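Reviewing the structure listed below.
The values are calculated or read from the model by the stated rules, or taken from the named source; none is laboratory data. The shown structure was predicted, so the numbers you read here are calculated from the model rather than taken from an experiment. Cβ placement follows ideal geometry from the backbone for every residue including glycine, while neighbour counts extend to all protein chains displayed.
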Amino acid sequence: MSNPNTGTPLVELRDISIAFGGIKAVDHVSVDLYPGEVVGLLGHNGAGKSTLIKCLSGAYQKDAGQILINGHEVEIDDPRDARAHNIETIYQTLALADNLDAASNLFLGRELVNSFGFVDETRMEAETRKIMGRLNPNFQKFNVPVSALSGGQRQSVAIARAVYFNAKILIMDEPTAALGPHETQMVAELIQELKAQGLGIFLIEHDIHSVMKLCDRAVVMKNGQRVGCVNVGDVTDDDILGMIIMGKKPPQAY
Amino acid sequence: MSDTPHSPQTNSKTESAFGRFLRATEIDPRLLGMLGALLLIWVGFHAYGALVLGEGSFLTPRNLWNLSVQTASIGIMATGMVLVIITRNIDLSVGSIVGVVGMYAGLLQVEWLPPVLGLGHPAIWILAVVFGIALGAVIGALQGTLIAYLAIPSFIVTLGGLMLWRGMAFLASSGRTISPVDSTFALLGGGPYGAIGATGSWIVCALAAAGVIWMMIRGRAARKLHGFALRPIWAEYFVGGLSCGVIIIATLVVNAYPWPKGILKDYYAKLGQEVPEGAFIAHGFAYPVLIMALVVLAMTVLMTRTRFGRYVFAIGGNPEAAALSGINTRAMTVKIFMLMGALAGVAAVIASARLNSATNALGDLDELMVIAAAVVGGTSLAGGVGTIYGAIIGALVLVSLQTGMVLIGFGDGSYRKIVIGLALVLAVYLDIIYRKRIK
Ligand SMILES: Nc1ncnc2c1ncn2[C@@H]1O[C@H](COP(=O)(O)OP(=O)(O)O)[C@@H](O)[C@H]1O
Ligand SMILES: [Mg+2]
């Protein structure tokens, strides 16, 4: 079995390595992602999933390896570079400024300004109301700091921030961790909708059922290394769990 | 807590009338608390004077005018300290920056420029002001760079600065006092000639009131455009009326404080006239107070209407999130300390102009008053929270305590220190209680 996609990948991470002190958090890992595809990144806590995607989102600088976008090698030195390549990230920690309201967080670093260059608060709130109306119609707390929101509401603000700016590449690091079943279902529908729009999505997810339902391919990591990659349609959930738990590669993996 | 539709009227059943009032007017209860404390202090000092000493002298045009002038340099620096503290830093060096800037600006206008340009040349005061602000900014940027790029804690860098700049100030003049400063420069410190008079003050009053009303109308129009909930119209009138009322009362007060006899004589003598019967020339707003007002306006716009201000709050709330949002947090730190330094430069200009000299003690211990003013004004040392108007009210509270103690005969420095020390701790304690209660 091999990668069913052909043509130029949207993203190609080649041989990425990064170490903290003596710990090789990511050790020569390669992953690719095609438009309209959802690639799951799986593995135990500490496997290096978040660290790998942070090299793509600009939060960390890789020690070695290459990042290619649409076949061209790019340098991503900070989060601004990633945003410039239409890469949006929902971090595991959500990365919200707790003292600011939803609109300020959604537009953080990309505030809407009026013709005088001043921040246009009302327009930002209006836009935030629009997108939240689409993602989480129950959300009404627009004028309080996000510290006053529930875990699920905070998560929806972080998701809205990633979705609002027309990403081509979306990184979702455990996006449903703080959500109840209903909200989790809404995120699943959102992922399918974005996929249909042609976005490429890296999805870090622990729930194997969600992986089987949402992902086209799954890449498993263990101790910073790549165990293998499978086409989700070709394997059972036990095959994937075997890869995660024991690092055992089923015959279909590549 | 469940989601509730945004409307100023929610929970009206369980809310007190006062709570409803605050919600409708969107007045921050802490602002009311601070203003209440300030009024209490003012009335307290006045009442003590009236009852115990037989003469209340606090709530007089003369004292309030002096209070406004005395607050200027601390208040101006406190607005900058708000940004420093919001981003979880501290600047202990501002008093010493005042000292070194005052000294070099003094040397420039008294010893270096006059031989070149001629004594009293009109460019001298401008050059001295520009130089002073620039020197403060450079010192601030230098400290900010050490903090941001070498990751030395701000407490240490500015503690070093506290000693270093004070030492530099002494060395610059070998310990001499530089005076008198340029006569135009001296006006920036206030005094009878350093104020804009009655007519000018009414013009300022009209401009300020018009500005308030214009901003309220624009804000309401913008919310209407997007279909957001509006404040009830009575609340708009109340807030607008209150703001304009405060501006008008301040104008009436400064215009009720006349020039003293000696100045009147001097003034009319220059015109070649006798002092007319019943002559009354009002001080009006002093230049340093107008400078403070401009600084407050600019800093408020900066903090509430610009990206820079957003980033200051974001860095204070979650530095990591700010960096992940593409904010260059290091460059921001340098800019914030540079701004703080520049404001210390402005304060140095005002303080040396007011003294009509640059001394070694200029700005001594100002850092403590400035930090205390920001904190009393509601800036949280945990970061992420603070307002410019709060810092100004904080400065007013502290300077009121200081001058009020003198006025009622406790002028001895030790009483003042005790009272201000207690006030600082009490203010922070009240703030902690308030924050717990709203949680
Ligand atoms: N900033 C950092 N400093 C030091 N070690 C780190 C840092 N970030 C991640 N690590 C380490 O890298 C390894 C991988 O972590 P992470 O990528 O968060 O794993 P995962 O997301 O798969 O649970 C862990 O051993 C973690 O301790
Ligand atoms: Mg992780």
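Scanning the stretch A:178-212 for residues that are within 16 Å of ligand 2 (Cβ to nearest atom) and within 14 Å of chain B (Cβ to nearest Cβ) gives no hits.
Among residues of the stretch B:24-46 that are within 11 Å of B:Gly390 (Cβ to Cβ), those with a Cβ under 6 angstrom from a residue that is small (Gly, Ala, Ser) and not in a helix (DSSP H, G or I), sequence gap 6+ or separate chain, pair up as B:Arg30/B:Gly378. Filter the stretch A:84-103 down to residues that are of a type outside the set (Val, Ile, Thr), under 13 Å from the mean Cα position of the chain (by Cα) and over 14 Å from B:Glu320 (Cα atoms) and give me whichever is farthest from the other protein chains (Cβ to nearest Cβ). Among them, the one singled out is A:Asn86. Evaluated against (1) more than 10 Å from chain B (Cβ to nearest Cβ); (2) over 16 Å from the mean Cα position of the chain (by Cα), A:Lys141 falls short on exactly one condition, (1). Sort through A:Met186, A:Met172 and tell me the only one that's of a type outside the set (Gly, Ala, Ser) and modelled with pLDDT of 95 or more. Every option except A:Met172 fails the conditions. One residue stands out among those in the stretch A:1-35 that are in a loop (DSSP other than H, G, I, E, B) and under 18 Å from the mean Cα position of the chain (by Cα): the one that is farthest from A:Gln197 (Cα to Cα), which is A:Pro9.
Looking only at the stretch A:21-35, which residues are β-branched (Val, Ile, Thr) and near ligand 1 (Cβ under 9 Å from one of its atoms)? Give the steps one after another, and end with the answer.
Quick first cut of the stretch A:21-35, residues β-branched (Val, Ile, Thr) only: A:23, A:26, A:29, A:31.
Answer for the stretch A:21-35, where residues must be β-branched (Val, Ile, Thr) and near ligand 1 (Cβ under 9 Å from one of its atoms): A:Ile23, A:Val26.
Residue pairs whose Cβ atoms lie under 7 Å apart, separated by 6 or more positions or on different chains, with the first residue in the stretch A:155-177 and within 14 Å of chain B (Cβ to nearest Cβ) and more than 21 Å from A:Asn138 (Cβ to Cβ) and the second part of a helix (DSSP H, G or I) and within 16 Å of ligand 1 (Cβ to nearest atom), are A:Ile171/A:Ile53; A:Ile171/A:Leu56; A:Ile171/A:Ser57; A:Asp173/A:Ser50; A:Asp173/A:Ile53. Of the strands (runs of 3 or more DSSP E) lying entirely inside the stretch A:56-149, those containing at least 2 residues that are surrounded by fewer than 21 Cβ atoms within 10 Å (Cβ to Cβ) and away from ligand 1 (no atom under 16 Å from the Cβ) span A:64-69, A:72-74.
Within the stretch B:231-246, not a single residue is in contact with a Lys or Arg (Cβ under 7 Å, 6 or more places away or on another chain) and at pLDDT 95 or above.
Looking only at the stretch A:36-55, which residues are away from every other protein chain (no Cβ under 13 Å) and either within 12 Å of ligand 1 (Cβ to nearest atom) or part of a helix (DSSP H, G or I) (or both)?
In the first step, residues of the stretch A:36-55 are kept if they are away from every other protein chain (no Cβ under 13 Å); the result is A:36-49, A:51-52, A:55.
Scanning the stretch A:36-55 gives A:Leu41, A:Leu42, A:Gly43, A:His44, A:Asn45, A:Gly46, A:Ala47, A:Gly48, A:Lys49, A:Thr51, A:Leu52, A:Cys55.
Please find, within the stretch A:185-214, the residue that is surrounded by the most Cβ atoms within 10 Å (Cβ to Cβ) out of those that are within 16 Å of ligand 1 (Cβ to nearest atom) and part of a helix (DSSP H, G or I). Among those residues, the one meeting the criterion is A:Val211. Only residues that are within 11 Å of chain A (Cβ to nearest Cβ), surrounded by fewer than 23 Cβ atoms within 10 Å (Cβ to Cβ) and more than 21 Å from the chain's Cα centre (by Cα) were counted across the stretch B:280-321, and they come to 3. Among the residues making up the stretch A:198-208, a single one is farther than 20 Å from A:Gly152 by Cβ and either among the hydroxyl-bearing types (Ser, Thr, Tyr) or free of Cβ contacts under 8 Å to residues at least 40 places away in the same chain (or both): A:Ile208. Among the conditions (1) within 12 Å of chain B (Cβ to nearest Cβ); (2) within 19 Å of the chain's Cα centre (by Cα), A:Val113 misses just one, which is (2).
Only one of the numbered conditions (1) away from chain A (no Cβ under 14 Å); (2) surrounded by 15 or more Cβ atoms within 10 Å (Cβ to Cβ); (3) free of Cβ contacts under 8 Å to residues at least 24 places away in the same chain; (4) of a type in the set (A, V, I, L, M) is violated by B:Leu242, and that is (2).
Could you tell me which residue of the stretch A:41-87 is farthest from A:Asn231 (Cα to Cα), considering only residues that are within 16 Å of ligand 2 (Cβ to nearest atom) and among the aliphatic types (A, V, I, L, M)? First the steps, then the outcome.
As a first pass, look at the stretch A:41-87 and keep what is within 16 Å of ligand 2 (Cβ to nearest atom): A:41-57, A:59-60.
Now restrict to residues that are among the aliphatic types (A, V, I, L, M): A:41-42, A:47, A:52-53, A:56, A:59.
Numbers: A:Leu41: 12, A:Leu42: 13, A:Ala47: 20, A:Leu52: 20, A:Ile53: 20, A:Leu56: 22, A:Ala59: 29 Å.
Only one residue tops the list, namely A:Ala59.
Here the stretch A:1-20 is the region considered, the condition is being over 13 Å from A:Gln225 (Cβ atoms) and within 16 Å of ligand 1 (Cβ to nearest atom), and the residue that is surrounded by the fewest Cβ atoms within 10 Å (Cβ to Cβ) is A:Phe20.
This table checks each residue for (1) under 24 Å from B:Ala72 (Cβ atoms); (2) within 14 Å of chain A (Cβ to nearest Cβ).
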| residue | (1), (2) |
| --- | --- |
| B:Gly175 | no, no |
| B:Ile178 | yes, no |
| B:Gly191 | yes, no |
| B:Trp202 | yes, no |
| B:Ala222 | no, yes |
| B:Val253 | yes, no |
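Looking only at the stretch B:114-141, which residues are in a loop (DSSP other than H, G, I, E, B) and aliphatic (A, V, I, L, M)? Before you say what the answer is, go through the steps one by one.
Just the residues of the stretch B:114-141 that are in a loop (DSSP other than H, G, I, E, B), to begin with: B:118-121.
Across the stretch B:114-141, the qualifying residue is only B:Leu119.
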